[in-house]
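*Asks:* Before anything else, here's the structure in question.
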Amino acid sequence: MKSAGRGNIAVFSVGAIGTGEFGEGIPALVDALRVVAQRHPVTVYSLLRADRSNVPAGIVLRDLPFRTPLLRVDLLLLAVLFAVDHLRHRYTHLHAVAAYPMGSLANALSGLFRIPSLISLQGQELANLPQYEFGDLRSPTGQRRIAGACRRADALTALSRFQASALKEIGYAPGSVEVVPFGIDTSRFNYVEKKLDSPVVFLHVGYAHPVKDIESVLTTFRLVQLEVRSRLIIVGQSHRGGLAERRIRELGLAESVEIAGSMRQADLVDCYDRSHFLLQASRYESQGVVFNEAMASGTVVCSTRVGLADDIGDIACIVANIGDAEGLARKILQVIADEPRYAELRRSGHAWAVEHDAHWTAAQYERIYARLARAGGRVSAGD
């Protein structure tokens, strides 16, 4: 059995901190780790070279000075870097962001150094949508990698019950995983009172990919606009010059749809402030952190039943089945016609986002670290 104490956390990720178009990495994960680092030393091991100006105080970043053409060699170099550090610092917990390749690396180091490992599942790891070329479970190789990493980890978290339900595809009981969605730093978002005045403003946030189903987004918006004067703001990469821009012209929506391009998280605040509704129609989301951001801002979430929107359902969101643009539009119009219901959804969503913020996520991670320390190794959800 692996031994574990408290305190010194090694986090493994492909590029959770200081990477991406604006060097923001995964903002919600960064927020949670920033809180953890206030009570425990945290070192993040990253495969991708990071912008150190975006590394929060209290977190040590260790990345590779160069990449090789072979992932196995890169992982070996990162493992050597960890081993040297471990001789000095004696890590007590390993926390991998994603099952493969970082979870597999953390599990190998866990066995070698007898340190408990936690894997937090991310993104498309449990998705299987071959028609959209999306999901790590599309291939037998991907399934073996994810299943092997999950089974060898001492603890496992998923971002939503929706995501966790797919574990059964790889022979892993969904009930044995802990559901820990990312919380956000709600202080960055403004909760402002919004009356349903005209025009009703919708916001869509997401990069251009078939799984985001921009066709259903635009169809839903068009059906709403036939009944209520409305505007739509689209934020995300590659919409200009792509399918979204072409379909906007074909549907005659050019005067009522604005394509804003990609934005830093801080710049999104103004878009949430201007919007009554967040309109998403994805075929898959592991969580959808934009749901948290919208709810923290008092913007009502309208979505297909994916990720966090499926978990929360009608309590704080307007939800419809995947691909049902007509049904989603009908539900939105019902809420627009019922302002007390709109206000109730705003309050419920805001309350959920505030309760499940970055401090809450950090506390869940720390609780799992403590359970692993007490158990000396593997634990199940709820232990």
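*Asks:* Treat every Asp and Glu Cβ in the chain as -1 and every Lys and Arg Cβ as +1, leave all other atoms uncharged, and give the resulting dipole magnitude about the Cα centre to the nearest 20 debye.
*Replies:* So the dipole magnitude of the chain works out to roughly 1360 debye.
*Asks:* Separate question: Provide the packing ranking of 92-105, 349-362, i.e. peptides ordered by the mean count of other C-beta atoms within 10 Å per residue, highest first.
*Replies:* Those peptides, ordered most packed to least, come out 92-105, 349-362.
*Asks:* Between residue 57 and residue 188, what's the calculated FRET efficiency when r is the beta-carbon distance and R0 is 22 Å? Round to 0.05.
*Replies:* Rounded to the nearest 0.05, the efficiency is 0.85.
*Asks:* At 0.36 nm per residue, and after removing the present C-alpha to C-alpha distance, how many nm does the segment from residue 330 to residue 251 gain when stretched out fully?
*Replies:* Full-extension gain reported as 26.6 nm.
*Asks:* I've got another one for you. Rounded, prolate or oblate for the range 140-189? Axes are the square roots of the Cα gyration tensor eigenvalues, ordered a ≥ b ≥ c, and the cut-off for rounded is a/c under 1.5.
*Replies:* Because a/c hits 1.5 or more and a/b exceeds b/c, the range 140-189 counts as prolate.
*Asks:* Now for a separate question. Counting Lys +1, Arg +1, Asp -1, Glu -1, what net charge surrounds residue 164 among other residues with beta carbon under 12 Å of its beta carbon?
*Replies:* Combined, the nearby Lys, Arg, Asp and Glu give -3.
*Asks:* Right, another one. What is the spread of the Cα atoms of the range 187-355 along each of their three principal axes, largest first, in whole Å?
*Replies:* Here the Cα extents, ordered largest to smallest, are 40, 33, 27 Å.
*Asks:* Okay, moving on. If I model a spin label at residue 66 and residue 197 as a point 7 Å from the Cα along the Cα→Cβ vector, what separation in nanometres do I get?
*Replies:* Between residue 66 and residue 197, the label points sit 6.0 nm apart.
*Asks:* From the phi angles alone, apply the Karplus equation (6.51, -1.76, 1.60; θ = phi - 60°) to the range 140-152 and give each ³J(HN,Hα) in whole Hz, x where the residue is Gly or Pro.
*Replies:* With the stated coefficients, the range 140-152 comes to x, 5, x, 4, 5, 4, 5, 4, x, 5, 4, 5, 8 Hz.
*Asks:* Modelled label-to-label distance, residue 90 and residue 360, 7 Å Cα→beta-carbon offset: nm?
*Replies:* 3.6
*Asks:* Taking 7 Å along the Cα-to-C-beta vector as the label spot, tell me the residue 223-residue 14 distance in nanometres, rounded to one decimal.
*Replies:* 3.4
*Asks:* Could you name the aspartates and glutamates in cross-link range of residue 194, using Cα to Cα under 17 Å and dropping any fewer than eight places away on the same chain?
*Replies:* Cα-Cα hits under 17 Å: 270, 273, 293, 338, 339, 344.
*Asks:* Distance from a point 7 Å along Cα→Cβ of residue 209 to each backbone N in the range 223-252: keep the residues under 17 Å and list them by number.
*Replies:* Only 235-240, 243-244 fall inside the zone, counting backbone N under 17 Å.
*Asks:* Before rounding to the nearest 500, sum -39500 (n - 2.57) across all DSSP H runs of length at least 4 in the chain and divide by the residue total; then give [θ] at 222 nm in deg cm²/dmol.
*Replies:* Helix-only estimate at 222 nm: -11500 deg cm²/dmol.
*Asks:* Report the FRET efficiency, 1/(1 + (r/R0)^6), for residue 314 and residue 133, where r is their Cβ-Cβ distance and R0 is 22 Å, rounded to 0.05.
*Replies:* Step by step, r from the Cβ atoms, then E = 0.10.
Laboratory data are not the source of any read-out in this text; all were calculated from the coordinates shown. On a predicted model such as this, the values are computed, not experimentally measured, just so you know. With ideal geometry, Cβ positions are generated from the backbone for all residues, glycine too; neighbour counts draw on all protein chains shown.
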